[in-house]
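Structure first, commentary second.
Computed from the coordinates by the stated procedures, all read-outs in this text should not be read as laboratory data. Being a predicted model, the structure only gives us computed values, none of them experimental. Counting neighbours? That spans all protein chains shown, and the Cβs are built from the backbone with ideal geometry, glycine included.
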Amino acid sequence: MLNISHNHLNKKVALDNFKSGAMTLNKSYGETFKRYLIAFFIILIVILFLPWTQNISGKGKLTTLTPDQRPQTIQSQIPGRIEKWFVREGDLVKKGDTILKISEIKSDYFDSQLVERTGQQIKAKTSSVNAYKDKISAKQSQIKALQYEQTLKNKQAINKLKQTKLKVQSDSIELAAATIKYNIASTQFNRVSTLQKEGLMAIKDVEVKQNKLQEAQAKLIAQENKLISSKNDVINAEIELSRIDAEFGDKISKTQSELLSAKSSSFDAEAQVTKLENQYTNYQQRHNLLYIIAPQDGYINKAIKGGIGETFKQGEPLIGIMPANYDLAVETFINPIDLPLIHIGEKVRVQFDGWPAIVFSGWPNASYGTYGGTVVAIENFISPNGKYRVLLAPDTSDQPWPKALRVGSGARTIALLEDVPIWFEIWRKLNSFPPNYYQPESNKSLNTAKK
């Protein structure tokens with residue numbers, strides 16, 4: 001039966017007479033298999049020539065289109081101690097709502113009336129500045145008065161000097177006249193004396209002329225003394241004029257020194273007022289920082305610091321908040337070899353985590369559950385994961401994205417490129433070649449216009 005021995009049973013017994021033999025021995029199974037195999041290869045060849053859309057796939061997550069709409073933490077600009085909470089996790093807060101009250105932990109700011117006392121110091125220093133300004137004004141008036149008095153004194157001394165000089169001229173003339181009279185009296189005395197010796201004149205006449213000569217000589221000497229006294233008056237007037245200049249110069253210099261000292265003190269007081277005003281503003285701002293407020297409308301995600309009485313450092317995160325209003329976008333990453341194929345404004349298909357989808361990356365029209373996206377930004381520097389970051393916004397010409405999407409959810413992206421045969425795509429994959437380089441339609445039209 002098994003044809004193991006050399007005695008073949010099928011040659012001795014007609015197996016076709018049996019029902020089982022008739023069902024198996026007369027069937028041609030090889031012909032059927034050949035037909036199926038030929039049909040399979042024909043279908044496979046047809047499939048290889050079907051169109052296939054080249055694509056660039058990537059993985060990413062949902063984010064927001066602008067940085068100010070992304071989840072953030074709220075920090076305190078000053079170190080402090082938690083005193084009271086005004087919100088719970090999950091609460092919706094409006095911009096400016098108080099979230100948390102803190103207190104100071106630095107001894108320099110323990111005074112509850114620090115702002116008011118600093119304001120009082122400013123008022124006191126401002127009064128000091130005003131007093132210095134009044135002193136400056138008084139010193140300036142004093143300098144003007146001294147200068148005016150010096151001018152009058154100089155005029156008086158100059159007039160006195162002119163008067164003494166004229167007196168010297170007058171005395172000089174009188175001295176010349178007295179000298180002439182003395183010479184005349186001397187000549188007359190000599191003449192009378194000669195005539196008396198000759199007996200022509202009496203002794204009496206000689207005595208009279210001698211007396212006149214002595215009088216003329218006395219007047220001459222007196223006039224010389226008067227002239228010398230007048231010259232001394234001129235010298236004294238000149239000295240007085242110099243003394244006035246020196247005296248008032250010293251007074252004015254001293255007053256100017258006091259004026260500069262008052263100005264210096266005024267500037268120093270103004271600097272102290274400015275410094276105190278700066279401190280006053282800083283204290284006011286620091287006092288306002290004791291209340292942590294919401295920077296924008298949003299939801300409280302998590303209280304990073306909890307409890308009452310817990311202290312924290314400056315800049316340490318306290319609360320996580322998610323903005324209430326945001327525009328969703330997808331942040332995806334592509335390999336560096338695919339970067340030249342991505343352009344701003346290109347269409348991309350997006351599959352969101354948690355949303356049922358049937359995806360045929362090469363046949364996007366046959367896919368189900370994917371949504372349209374548009375490339376709005378391409379990072380120019382490689383990310384730490386060794387890929388380039390691409391930001392996608394919703395495609396306004398496609399169906400809107402689901403409203404239940406949340407920031408941080410995962411997403412898978414498929415950037416559609418050119419249509420090629422399936423055999424070409426298989427050959428490209430086997431050889432690890434990049435997709436065909438192409439340009440967007442806008443660039444193609446520009447190149448055609450240039451030609």
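Given R0 = 56 Å, the distance between the Cβ atoms of L416 and K123 translates into a calculated FRET efficiency of 0.15. In terms of its C-alpha gyration tensor, segment 51-151 has an oblate overall shape, because the principal axis ratio a/c (a ≥ b ≥ c, square roots of the eigenvalues) is not below 1.5 and a/b does not outweigh b/c. With θ taken as phi - 60° and the Karplus curve 6.51 cos²θ - 1.76 cosθ + 1.60 applied, the whole-hertz 3J(HN,Hα) list for segment 163-172 is 4, 5, 5, 5, 5, 4, 4, 4, 5, 5 Hz, x standing for glycine and proline. With Cα atoms as the point set, segment 114-288 shows a radius of gyration and Dmax of 37.4, 132 Å. For the pair T66 and T98, label points projected 7 Å from Cα toward Cβ lie 3.0 nm apart. Between S172 and A145, the modelled labels are 4.3 nm apart [label points 7 Å from Cα along Cα→Cβ].
Taking GluC sites (Glu not before Pro) across segment 121-226, the ones in a DSSP loop with at most 16 further Cβ atoms lying within 10 angstrom of their Cβ are E198.
Take the Cβ atoms of L430 and E316, set R0 to 45 Å, and the FRET efficiency comes out at 0.25. For E316, nonlocal amide neighbours, meaning residues 5 or more places apart or on other chains whose placed amide H falls under 5 Å from its own, are S76. Derived scalar couplings between HN and Hα for segment 340-353 equal x, 8, 9, 10, 4, x, 6, 7, 9, 9, 10, 10, 8, 5 Hz in order, rounded to whole Hz, by the Karplus curve 6.51 cos²θ - 1.76 cosθ + 1.60 (θ = phi - 60°), x for Gly and Pro. Under 5 Å from the amide H of D91 lie the amide H atoms of I300, each residue being 5 or more positions distant or on a separate chain, with H modelled from the backbone and absent for Pro and chain starts. Backbone N atoms of segment 88-120 closer than 11 Å to the 7 Å Cα→Cβ label point of Q279 belong to residues 115, 117-120. Computed from the C-beta positions of I158 and E207, the FRET efficiency with R₀ = 41 Å rounds to 0.20.
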